[in-house]
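Input: a single structure, listed below in structure tokens.
The values are calculated or read from the model by the stated rules, or taken from the named source; none is laboratory data. This structure is a prediction, so every number in the text was calculated from the model and none was measured. FYI the Cβ positions are ideal-geometry reconstructions off the backbone, even for glycines, and counts take in every protein chain you see.
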Amino acid sequence: MEETKICKKCVIEKPLSDFRIIKGNKGNSCTYSYCRSCENCASKEYRFFNKEKIGNKKREKYLLNEEYREKEKQHKRDTWRVNYDKDPAFYLKKSKDYRILHPEKISSHNKNYRRKNIEKIKIRGAIYRSSNIEKSIERSRIRVALLPDNYIASIYKIPTFILKENYKEFIEIKRQMILIKREITNQKPN
């Protein structure tokens, strides 16, 4: 027959397997006086009433211990990835909601990232453009087609009153020139 013990909190006799084992310094071991379920309830209660104290300790440990910080970051990445793989729709909705609720934070984060990683972004863009030449050319065609006529006239410093009759044709020719220049620059190896 299995050994039993009475829990000090719930006063119910339970098997020893329901109690956590404490290992002593000298090799001896004993069991907790509370069963696992009572111990869980007590720890939940403590966490509920001492959220700020626990948060401050964690924050302090996080700031002071770099190894702990890296471990925590990796743990968050791993759990996020596992949970994302289980239910991607939930996490996509969650991130979309966050972007809607905090546009200023997202904007400032993106600006800071771009400011700190200018070279990295340039290299990534060059690699993308070189491996997706057709997409780059098509995107350039769309952009040039959307350029306003007065902008094209300002690039070539042509006053609008000079070419009243052939103004549209002239602008279209200049638009084609811009397209050709952009296609040439996209095809040049960096």
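Could you please let me know if residue 102 is surrounded by 11 or more Cβ atoms within 10 Å (Cβ to Cβ) and either over 30 Å from residue 44 (Cβ atoms) or under 15 Å from the mean Cα position of the chain (by Cα) (or both)?
Judged against the criteria, residue 102 is a match.
Do any helices (runs of 4 or more DSSP H) lying entirely in segment 117-190 carry at least 1 residues that are surrounded by 13 or more Cβ atoms within 10 Å (Cβ to Cβ) and modelled with pLDDT under 80, and which ones are they?
Hits in segment 117-190: 133-146, 149-155, 167-187.
Hey, can you tell me all the residues within segment 57-89 that are among the aromatic types (Phe, Trp, Tyr) and over 25 Å from residue 47 (Cα atoms)?
84
Confirm whether residue 103 is modelled with pLDDT under 80 and either under 30 Å from residue 84 (Cα atoms) or of a type outside the set (Val, Ile, Thr) (or both).
Numbers: modelled with pLDDT under 80: no; either under 30 Å from residue 84 (Cα atoms) or of a type outside the set (Val, Ile, Thr) (or both): yes.
The answer is no for residue 103.
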